[in-house]
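Report on the structure given below.
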Amino acid sequence: MQIRSATFVISNSDVSKCPNSSLPEYAFIGRSNVGKSSLINAICNKKKLAKTSSRPGKTQLINHFLINQNWHLVDLPGFGYARVSKTQKKVFQKFITNYFKQRKQLVNAFLLIDIRHEPQPIDMNFMEWLGENYIPFSIIFTKADKLKPAARERNINAYTQKMLETQWEELPPIFVTSSLHKTGGEEILEYIYSLNQSLSETDLS
Ligand code: GTP
Ligand code: MG
């Protein structure tokens, strides 16, 4: 899928104020600093579409971007960022969970995971929560440029192994990306395209 247009629509902390449209929607979620906003920019080929920072905690709201006039890409705040106050953390968590529970347009969540790390409980718990809430998700490993191929493979295997050992019988789609080298984005766009296609076919029947 080619990106012909990508524009910012709205930011807010209240799911009821998210765009009132029936367009299919895809959200990027994951720990702070994992590279959600950077990947949105890399995929859309627009350096400043989503705000990024080397300091964690940059994205603090639900941000909607309209892609090709026919679907939304959503950038969310990171979870697990220790430096925001406890009260703020609770508010974040609340509006993020409300977003996932209430946003009917959400077709698929992409859980971003830094490829450099061992399986983290916070990510495993979030997958479990998505599963319990029947929210379809895929995994995107980020920052692939930071590891050599063998180490990448080892870390991905550690994650998939951990998933299969715990609550998962089968694995979700898995993507490996580098925003720096602009790799892996095309596969994600093809996947979104195929989901959009199957939705429009369902609508016709
Ligand atoms: P929050 O909004 O704080 O939750 O963070 P985020 O997940 O949106 O991360 P963001 O895209 O702001 O990136 C965080 C840092 O990681 C920035 O310094 C990016 O330049 C860097 N980064 C993101 N993706 C990559 C990547 O693929 N490779 C490398 N080397 N650095 C990356
Ligand atoms: Mg961000």
Residues satisfying the stated conditions in segment 80-122, i.e. out of contact with any Lys or Arg (no Cβ under 6 Å at 6 or more places or on another chain), over 23 Å from Pro19 (Cα atoms) and either within 12 Å of ligand 1 (Cβ to nearest atom) or not charged (D, E, K, R) (or both): Tyr81, Ala82, Arg83, Val84, Ser85, Thr87, Gln88, Ile113, His117, Gln120, Pro121, Ile122
Filter segment 54-69 down to the residues that are modelled with pLDDT under 95 and either more than 8 Å from ligand 1 (Cβ to nearest atom) or farther than 25 Å from Ser5 by Cβ (or both), then identify the one that is most open to solvent (accessible area, probe 1.4 Å). Arg55
Can you pull out every residue in segment 41-52 that is among the polar types (S, T, N, Q) and either in contact (Cβ under 8 Å) with a residue 60 or more places away in the chain or more than 8 Å from ligand 2 (Cβ to nearest atom) (or both)? Asn41, Asn45
Matching option when the condition is open to solvent by 90 Å² or more (accessible area, probe 1.4 Å) and either among the aliphatic types (A, V, I, L, M) or more than 28 Å from Ser53 (Cβ to Cβ) (or both), among Glu190, Glu169: Glu169
Flag if Ile113 is at pLDDT 90 or above and either within 16 Å of ligand 2 (Cβ to nearest atom) or over 14 Å from the mean Cα position of the chain (by Cα) (or both): yes
Might you check whether a residue that is open to solvent by less than 40 Å² (accessible area, probe 1.4 Å), within 18 Å of Leu73 (Cβ to Cβ) and touching a Leu at 6+ places or on another chain (Cβ under 6 Å) occurs anywhere in segment 129-139? yes
Test Leu76 against the criterion of being more than 16 Å from ligand 2 (Cβ to nearest atom), of a type in the set (A, V, I, L, M, F, W, C) and either buried (at least 21 other Cβ atoms within 10 Å of the Cβ) or farther than 26 Å from Lys146 by Cα (or both), and give yes or no. no
Those residues that are more than 8 Å from ligand 2 (Cβ to nearest atom) and either of a type in the set (Lys, Arg) or part of a strand (DSSP E or B) (or both), I need them from segment 26-40; list them, please. Tyr26, Ala27, Phe28, Ile29, Gly30, Arg31
From the list Ser11, Ser21, Ser16, pick out the single residue that is away from ligand 2 (no atom under 13 Å from the Cβ), surrounded by fewer than 17 Cβ atoms within 10 Å (Cβ to Cβ) and not in a loop (DSSP other than H, G, I, E, B). Ser16
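The values are calculated or read from the model by the stated rules, or taken from the named source; none is laboratory data. If you're wondering where the values come from, they're calculated on a predicted model, not measured in any experiment. No Cβ is skipped: glycine too gets one built from the backbone with ideal geometry, and neighbour counts run over all protein chains shown. Accessible surface is based on the protein model in full, side chains and every heavy atom, while ligands, DNA and RNA are left aside. Shrake-Rupley method; radii C 1.70, N 1.55, O 1.52, S 1.80 Å.
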